[in-house]
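What follows is one structure encoded as structure tokens, with my remarks underneath.
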Amino acid sequence: MDDCKAVVSPVDMSTRLVPSDAATKVNAPFREAVGALMHLMTATRPDIAYAVGYVSRFMENPQEEHWVAVKRIFRYLQGTKTHGICFKPGDKIDFRGYSDADWAGDLADRKSTSGYTFMLMSAPILAAANETGPELMIREDNQSCIKMTKNPVNHGRAKHIDIKYHHIRDEVKRGEVKLGYCETSVMLADIMTKALAGPRHTELTAALGIHGTSH
């Protein structure tokens, strides 16, 4: 893959992968490759999070089409191998989170894919903090979800939600967390939940604070 042709996004939008019950697996280091990608994703490249999560669904019995999808991620990395997380300097510490989810996007079991990112000084961080000081701002593109956290009245349509899922409402009351609406067009977590066209993926990658060394 050292001399592979680069592509502008880690997932082909036309790809529709499903698990296989074939008796044989693809003759390729599938698990090792996905494991390496997971390490990179966790360390410095959250822009490949959706792609890596997608191919990791097929670890049990990978086929040729699954391996092609893995190789595409490496082709994307070939074109962005100088990219990394860049923090912007500033006098004020800006810490906020973004969350998003698709709806039953998995073709095999119709499970949904959720994603989130927490940004510090305009860059994604992958570490938990026990103290945040001022309230944490979480950007969300579902206004009904935001209203539920602010309105203490029980909504009939939400009674099926177990009480533990209302923890976020308690945090809002305590002033630890603040929810704010974020239009889908500027939702950073969108990159974590679905395959995107090249220009959109490039746009959100930059918005995540991931740039080339020449930036």
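The values are calculated or read from the model by the stated rules, or taken from the named source; none is laboratory data. Fair warning: this is a prediction, and the values are worked out from it, not measured in the lab. FYI the Cβ positions are ideal-geometry reconstructions off the backbone, even for glycines, and counts take in every protein chain you see.
Residues that are more than 20 Å from LEU204 (Cβ to Cβ), at pLDDT 85 or above and in contact with a Leu (Cβ under 9 Å, 6 or more places away or on another chain) do not occur anywhere in the range 36-49. Among the residues of the range 201-215, those that are surrounded by 15 or more Cβ atoms within 10 Å (Cβ to Cβ) and not in a helix (DSSP H, G or I) comprise LEU208, GLY209, ILE210, HIS211.
Cβ separations smaller than 7 Å between residues 6+ apart or across chains give the following pairs from the range 5-22 residues that are farther than 17 Å from TYR50 by Cα and polar (S, T, N, Q) to residues that are at pLDDT 90 or above and part of a loop (DSSP other than H, G, I, E, B): SER20/ASN61; SER20/GLN63.
Is it the case that some residue within the range 93-113 is modelled with pLDDT under 95 and farther than 29 Å from ASN142 by Cβ? No, every residue in the range 93-113 fails to be modelled with pLDDT under 95 and farther than 29 Å from ASN142 by Cβ.
Of all the numbered requirements in (1) free of Cβ contacts under 8 Å to residues at least 12 places away in the same chain; (2) over 20 Å from LEU188 (Cα atoms), MET41 misses one, and that requirement is (2).
Flag: TYR116 does not match the condition of being part of a helix (DSSP H, G or I), within 30 Å of GLN143 (Cβ to Cβ) and of a type in the set (Ser, Thr, Tyr).
Residues that are closer than 26 Å to ALA43 by Cα and either surrounded by fewer than 12 Cβ atoms within 10 Å (Cβ to Cβ) or modelled with pLDDT under 80 (or both): does the range 139-152 have at least one? Checking the range 139-152: at least one residue is closer than 26 Å to ALA43 by Cα and either surrounded by fewer than 12 Cβ atoms within 10 Å (Cβ to Cβ) or modelled with pLDDT under 80 (or both).
Criterion applied to ARG31, ARG72 was being of a type in the set (Lys, Arg), without any contact (Cβ under 8 Å) to a residue 40 or more places away in the chain and either in contact with a Cys (Cβ under 6 Å, 6 or more places away or on another chain) or not in a loop (DSSP other than H, G, I, E, B) (or both), and the one residue passing it is ARG31.
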